[in-house]
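Below is one structure, written out as structure tokens; the observations come after it.
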Amino acid sequence: ATDYKSSNFFSISSFICSLIFLLFYQRNYRFKENIKRSLAHPYGFFVDLRDRRIISILNSTVIGIFSNLMVAILLAALAFYYRDNLLFEEVATVITVPLGAKEIYLTILQSPLRIMLFILCCLYLAQYMVALLLRFMDFFTETKPRFRQLVAMCNWAGAPLILLLPLSMFSLHLLPYASVPSMIYYVLIIFFCWYNFRLGSGIRVFFLIHSYKVLLILVLIYAIPVCIFLFLNGNNYELIDYLSLLREAGNLF
């Protein structure tokens, strides 16, 4: 059961943040036009971003934080709702104990605010890590985009994530319904693919490379954290086997 005192936290957070975002949206004409062009014409928008036309750092930061916040609130609601679930707890234990992060995990899970802020920081820092990885690529390409341009590209690639606002606002209240968790997972997968499609389009524009190279870069972006995780765990294949076993036995929990 969900803690009654915390059940409205995610709805209130989404509402307040959306008001701040809408206020900025209404008062900043260029930001409004940037969002419209980014959603309607992503390729041309990334060309403008590459050529440093009309795209301010402030606008990129605002869209980056708000879009990631929508995802963070949705994921935090899921984590908070399932915090007492035995399967969720077992998977978290298996992952955090080898990394020495079990105590940190338990501390974060005590508060909806901590969960949300932790996930938001992870998501936003991940975009900086992607930009940093792409920055090293300029040694192998003809174009030499700046780091802040690559960060802005990652920020604006996630512009469609703002459409998650209604789901983020009511997610915790919808989760008790049996079919809703599956629906949320499918929605997250769709938006994840949408984000990566736009990110791939931006990479192709910035580095002027073929699509198959973009696909290779995206695979590397997501493979590197997995390799780091395996390295930190000493290539512990028993860990992977146990996680697979938990996934197969999920219906028993």
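Expressed as a whole percent, the accessible area of region 100-144 that falls on carbon and sulfur atoms is 74 (1.4 Å probe). Set against the labelled values (1) 41; (2) 64; (3) 31, percent of Cα pairs over 31 Å apart computed from this structure falls on (3).
Model label points for Tyr177 and Ile16, set 7 angstrom from Cα along the Cα-to-Cβ axis, are 2.7 nm apart. Mind jotting down the distance between the C-alpha centroids of region 35-87 and region 134-202, whole Å? Centre-to-centre distance over Cα atoms comes out at 6 Å. Think of a 1.4 Å ball rolled over the protein heavy atoms: region 98-195 then has 56 Å² of accessible area per residue. Taking Cα centre as origin and charging only the Cβ of basic (Lys, Arg, +1) and acidic (Asp, Glu, -1) residues, the dipole magnitude of the chain rounds to 1280 debye.
Just subtract the alpha-carbon distance of His41 and Leu218 from 0.36 nm times their residue separation and send over the number in nm, one decimal. Please report the intermediate quantities before stating the final value.
Details: separation 177, 0.36 × 177 = 63.72 nm, distance 2.14 nm.
Extra length available between His41 and Leu218 comes to 61.6 nm.
Taken over the chain, lysine pairs spaced eight or more positions apart, or on distinct chains, with alpha carbons under 30 Å apart number 5.
Surface calculation, 1.4 Å probe, protein heavy atoms: Tyr222 sits at approximately 90 Å² accessible. Once the Cβ-Cβ distance of Ser211 and Leu188 is raised to the sixth power relative to R0 = 22 Å, the FRET efficiency obtained is 0.35. Taking 7 Å steps out from each Cα toward its Cβ at Ile65 and Phe170 produces label points 2.8 nm apart. Axis of helix 112-136 versus longest Cα principal axis of the chain: the two differ by about 40°, to the nearest ten degrees. For an R0 of 30 angstrom, estimate the FRET efficiency from the Cβ-Cβ distance between Lys32 and Leu113 and round to the nearest 0.05. Between Lys32 and Leu113 the formula returns 0.50.
Filter the trypsin sites (Lys or Arg not before Pro) in region 29-133 to those in DSSP coil with at most 10 other Cβ atoms within 10 Å of their Cβ, and list the result. Please report the intermediate quantities before stating the final value.
Details: sites: Arg30, Lys32, Lys36, Arg37, Arg50, Arg52, Arg53, Arg83, Lys102, Arg114; in loops: Arg52, Arg53, Arg83.
Hits after loop and neighbour filter: Arg53.
Using +1 at the Cβ of each Lys and Arg and -1 at the Cβ of each Asp and Glu in region 25-126, identify which of Leu39, Asn28, Phe88 lies farthest towards the dipole's positive end. Comparing the listed Cα positions along the dipole, Asn28 ranks first.
Using a Förster distance of 25 Å, how high is the FRET efficiency between Leu125 and Ser56, based on the Cβ-Cβ distance and rounded to 0.05? Walk me through the intermediate numbers first.
On the way: r = 22 Å, r/R0 = 0.86.
Computed FRET efficiency for Leu125 and Ser56 comes out at 0.70.
The values are calculated or read from the model by the stated rules, or taken from the named source; none is laboratory data. Being a predicted model, the structure only gives us computed values, none of them experimental. A quick note on method: Cβ atoms are made from the backbone with ideal geometry, for glycine too, and the neighbour counts reach across all protein chains shown. These area figures cover heavy atoms from the full protein model, side chains too; ligands, DNA and RNA do not enter into them. Shrake-Rupley method; radii C 1.70, N 1.55, O 1.52, S 1.80 Å.
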